[in-house]
1. Taking H placed 1.01 Å from N in the peptide plane, check which residues at least 5 places from A:Leu109 or on another chain put their amide H under 5 Å from its amide H.
2. With a probe of 1.4 Å, find how much accessible area chain C has per residue, and write the answer as a whole number in Å².
3. Specify which residue in the list A:Ala142, A:Tyr190, A:Asn255 is farthest towards the positive end of the charge dipole of chain A, using unit charges on the beta carbon of Lys, Arg (+1) and Asp, Glu (-1), about the Cα centre.
4. To the nearest 10 degrees, how steep is helix C:39-50 against the longest Cα principal axis of chain C, on a 0 to 90 scale?
5. Ballpark to the nearest 100 Å², how much total accessible area do B and A bury together, probe 1.4 Å?
6. Decide, for region A:51-103, between rounded, prolate and oblate: order the square roots of the alpha carbon gyration tensor eigenvalues as a ≥ b ≥ c, take rounded if a/c falls under 1.5, and otherwise choose prolate if a/b is larger than b/c, else oblate.
7. Go through region B:8-15 residue by residue and turn each phi into a ³J(HN,Hα) via Karplus (6.51, -1.76, 1.60, θ = phi - 60°); whole Hz please, and just put x for glycine and proline.
8. Treating the protein assembly as shown as a set of equal point scatterers at the Cα positions, no solvent, please give the Debye-formula log₁₀ I(q)/I(0) at q = 0.10 Å⁻¹.
Amino acid sequence: MFSEWKFTAKEIAEKPDLFLSGHRACAGCAPATVLRLIMKAVRGPTIVTNATGCMEVVSSIYPYTSWAVPWIHTAFENAAANASGIESALKILKKKGKIKHEHVDVIALAGDGGTYDIGIQALSGAVERGHDFLYVLYDNEAYMNTGIQRSGGTPFGASTTTSPAGTVIPGKLQNKKPIADIMVAHEIPYVATASPFYWRDLITKARKGIEVDGPAFLHVFAPCPRGWRSDPAKSIELSRLAVETCIFPLWEAINGEYQLSTPSKVLALAPQKKKPVREYLKLQGRFRHLFTPKFEKLTEEIQRITDERWQRLLRKCGMT
Amino acid sequence: MTSQEKNWKEISPAGVCWKSSIQFLTGDWKTYTPVRDLEKCTRCLLCVLFCPDGAIHWKPEKGDIEFDLNFCKGCGICANECPVNAIEMRLE
Amino acid sequence: MQSVIKQEILALNGDEAVALAVKQSDVDVVAAYPITPQTIMVERFSEYVANGEVETEFVCTESEHSALTACLTASVTGARAFTASASAGLALMHEILFVTSGCRAPVVMAIANRALSAPLNIHCDHSDTMAQRDSGWIQIYVENAQEAYDSVIQAFKIAENPKVLLPVIVGLDGFTLSHTLENVKVLPDNIVRKFIGTRQLPFVMTHEGKRALFKLDPENSMSMGPIALQNYYFEFKRQQEEAMKNALEVIPQVNEEYAQISGRHYGDGLLEPYHLEDAEIATVCLGSTAGTVKTVVDELRSEGVKAGLLRLRTFRPLPVEGIIRYLQKVKAVGIMDRSMSFGGHGGPAFHEIRHTLYDIQNRPYIVNYIYGLGGRDTSPSQIHRIYENLQKIVRTDHVEHLINYVGLRE
């Protein structure tokens, strides 16, 4: 099913960037790191399509482009439909002998708003139809491009501009939607979660998603210092802490079979290494109100939600 | 609008982009500049991989890395992630 | 000059005629979502796919929004793409209509014209396409199933012309045309293919200053659909306007070339005049209503009334010169609108034609007749009354009601 692609940091560093410097992402933008790394996983001719969002805007301010591959953006809610059209065209044009490439890979990129919320219909439809493409969700947990509004991917307790922490309401009251599980439920061949600190795991999973026949979904955790009110230098550190606290565990589901990826598996085997969520929360201004006496209890609630989800995942992975 | 910007008859249709962003320098955004301790640096290349701006290049011919300050936005991820604390962010 | 090709006559309804035209046009990708009264188009086409009669990727999307999106991206990947919809489906595509024309993707779409909700109504009027007037699509309204067939074939050739490179809507009246059997003359497959030719792609400049085909192609890292701000957006919009102007030349050319092989032409492709040479009173209408109006004009002519009709076949781009040429000597013109512009000053065709005639000397009286909403039947006697009304205006030099509702219980 997958090639045995092994690589060193040097080899990755030597591969030319396909997501180029000169993009206008904020300093410390983890989604930019995520795209750079994912584009290192490309195996050959590739077309990329992007939903409206931060990464689209920062990379295509006319007349500049940060894409060294053919790339298209059309709208917000339709990245998966873009991919459907491209993949269908490639398939038939190949059949009719109108394109010479043996195979062209298709990657769709979208943020959490473009995936959890407005794009879920197009995504669900595209994977049901079985188009052969990799869908990458770079999840910075709010509508950052429009100014940090809450999305279905925003976690419980986070303060955003449309779920502000007030004197009565402590930020977002709803849980983060389990989007990757929803994609597994579509019975597609490959679903995985990844985090840029674990760069090797991320690149490997992106490559697997590209290689697999049929739809693949890669959910990548992508800290946003602007929206999370965190130190730009700590974006990658936060992507590590999210895994170490089990807020964002790393796993794959190959043909629906869940398995933990090494960074999370280590925690399953040695639970004492699992860090308390407070270590992750305290680095972010969006959770600042949870460290005031009034709302302090909510960090326990977040710990409880996290533990519950982690246990459920362990059961799916047959690790309980 | 500058005189270099083309008129509607000259530009390609539909906003097909025609300049690579490597011609758009973002280095002047930064407040802090990374300074590397060459003795400490192990050339592990983690900074190359993690840099959101592709501003740190691995130069195989030199066996060393190079910062491209034309693009570095001074975020400090390289310094934060360096396993041997070889990078320091200094106020420009 | 080519001679007219011998053609088979088939009994087809409008939807089937469209499906057949698409089948013959060597379309690479069809992406569609079902909606009454368009469904027969996609049903017939999926039968062609199921029976291996076409080499087409048929994508049954989960919404019209995705259907048009997929056509758009397939088109810019170099494919010939087609979709079909109606009413609410077209409304759901609204956002992507602009993106498609803005990306200069020559997608062809058939619309079985239908009323918009609420209240829900599945029958014909032109509210759906009129609401998309400013979306940058060429709009052709057909009179019968034969013209639906002919126009879809022509639409690919118009859309893909590098001077145009715009998407085209072919509108056929829901049920009246979509579901009504007619004898349709059908060209042989090879003639249709030859007429349209292969998908044309213009050359553009890439990032590296290379001349490259205008498509998503791994050979050239072209970026499409960027963000263009205050410094560039306006220029791209001006280009679209120029493409529409070019279409005013290309549509008549295609109409003429098609006439040479088929023996059929629709006026000059933009406007079809009927007894306008010496007409004193005339109506302007779009779509199937023209058939009824022509019958009425014939009757009036036999009674010695100098009545005429101008059928507006192409609504976008608006054939301004032709409208002036045909109507400047008429004394009173009734503009028939099968949709409303609530709170505006009459229906959309009325707005545009009255505005077009504003600058001519001795302009005619121009009045509006709004009719047939939600599929309400419009009878020959009602059209007779429109002409009587126009005669009265000429006789009395007085317009009693500028905006009239035909067939409405008042």
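1. Hits under the 5 Å cutoff: A:Thr49, A:Asn50, A:Ala51, A:Val136.
2. On the way: 15550 Å² over 410 residues.
With the other protein chains kept in place, chain C gives 38 Å² per residue.
3. A:Ala142
4. 30 degrees
5. Values: alone 7080 and 14160 Å², together 18310 Å².
Chains B and A together bury approximately 2900 Å².
6. Details: a/c = 3.75, a/b = 1.78, b/c = 2.10.
Oblate is the answer for region A:51-103, as a/c is 1.5 or above yet b/c matches or exceeds a/b.
7. Those phi angles translate into 5, 7, 8, 7, 5, x, 6, x Hz.
8. Those come out to -1.03, one per q.
The values are calculated or read from the model by the stated rules, or taken from the named source; none is laboratory data. In this text, all values refer to a predicted model and were calculated from it rather than measured experimentally. Reconstructed Cβ throughout: ideal geometry from the backbone, glycine too, with neighbour counts over all protein chains shown. Ligands, DNA and RNA are excluded from the accessible area calculation, which covers all protein heavy atoms including side chains. Shrake-Rupley method; radii C 1.70, N 1.55, O 1.52, S 1.80 Å.
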